[in-house]
Amino acid sequence: MGYKIKVLLFLLVVTAMGVLLRSEYTNLPQLIHQSIWCCFSKDNLVFIRRVGPFLSANINISEDAFTWWKNIQEEKNDFTYYKATVKKLFKIFPPVPTFGKSSTGRTKTCAVVGNSVNLKGSGYGPLIDLNDAIIRMNYAQIRGYEADVGTKTTHHVMYPESAVNLDGATHLLLLPFKIQDLEWLIQAFTTGFYGKSYAPLKSKIRANKDLVMVISPAFMWYVHEIWLQNKRGYPSTGFMTLVLALHLCDQVNVFGFGADSDGNWSHYFEVLRNKRLKTGLHPGRDQYDLIQFLAVRKAIKFYKGV
Ligand code: C5P
């Protein structure tokens, strides 16, 4: 083959690859790519470590992170009040939270199980149960859905308004959106909580206090800013949990993510009542695109359901 033809062929292949990649990711801004590449490159592991996923007794968040966080649910109290409340947390809960069983806190395989209706009829149960850590969230249900969602839970992510009782072996991961959520955690394990919120709250919770961890507001900000490029609203419970798993697990298997055919975040365990729910206050489309992108890059395994 002549030299000119070889060059021509090479240029053709490069152009075709460029077109393919562009069409696959056109709705993801260039910046997202750069940030995601950053997060998997060796150098930026330092950067990742700087944003610890959990609050701990010895590490404070920055006031900038607090300022972002306090706007999510219009927090009225200041940073000093926040810090004083966090201090109280560690009089009750483990001062240095560990996610997994190993000394490093890392876990081999993790299943992140969202609550999408696409789990219904999927038969993913046995596949989910194979993971070392199985992370569920909010009102996730098991009884009656075992074939599709599995039988085990090792970690359960919740906020006060979505709290459920847990067995003594399951880690409770609190996702706080306001200072009251931290106060709720303390009081739900001690005196009982009697304050009010936008939804009814459990006054007491049944769970193992030695397995409680609180997701850091700084981590939530990092997911919003770096992963979602400050997109409208704030990241969903499920998406924050997925990024958390990427930080803590060697292999992340993702189940139960994706809107129904009307674009609503329907659950596998109930009939949707609000037909105009869409993806709530979260950038659902961007999150879904990013999940697919991570799957293509083999950073996660994404089980899309039915
Ligand atoms: O609705 P809920 O917040 O309890 O669901 C947990 C998570 O699962 C959500 O935060 C969202 O990330 C994901 N989800 C989804 N598609 C649905 C329902 C939930 O991606 N249809």
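At an R0 of 41 angstrom, the distance between the Cβ atoms of K91 and S261 translates into a FRET efficiency of 0.25.
Sort the following peptides by mean Cβ neighbour count (other Cβ atoms within 10 Å, averaged over residues), highest first: 155-165, 223-233. Walk me through the numbers on the way to the answer.
Details: 155-165: 20.4, 223-233: 17.7.
Top to bottom by mean Cβ count within 10 Å: 155-165, 223-233.
The residues neighbouring V306, those whose beta-carbon lies less than 10 Å from its own, together hold a net charge of +1 under the Lys/Arg +1, Asp/Glu -1 convention. Taking a straight line from the alpha carbon of K178, these lysines sit under 27 Å away, with near neighbours fewer than eight places off in the same chain left out: K70, K76, K83, K87, K88, K91, K196, K202, K204, K209, K231, K278.
Simple spin-label estimate for L127 and K83 gives 4.8 nm between the two label positions (7 Å along the Cα-to-Cβ direction from each Cα). Packing around the peptides 138-144, 209-215, 238-244, 291-297, taken as the average count of other Cβ atoms within 10 Å per residue, puts them in this order, highest first: 238-244, 209-215, 291-297, 138-144.
Distance between the C-alpha centres of region 64-119 and region 169-210: 12 Å, rounded to the whole angstrom.
Remark: spin-label model distance K204-T104 equals 4.1 nm, labels positioned 7 Å along the Cα→Cβ axis. FRET efficiency for the Y194 to V296 pair, using the beta carbon distance and R₀ = 35 Å, is estimated at 0.10.
Only the coordinates and a few stated rules stand behind these numbers; no lab work does. Note that the structure is a prediction, hence the values are computed from the model and not measured. Glycine gets a Cβ as well: all are built from the backbone with ideal geometry, and neighbour counts include every protein chain shown.
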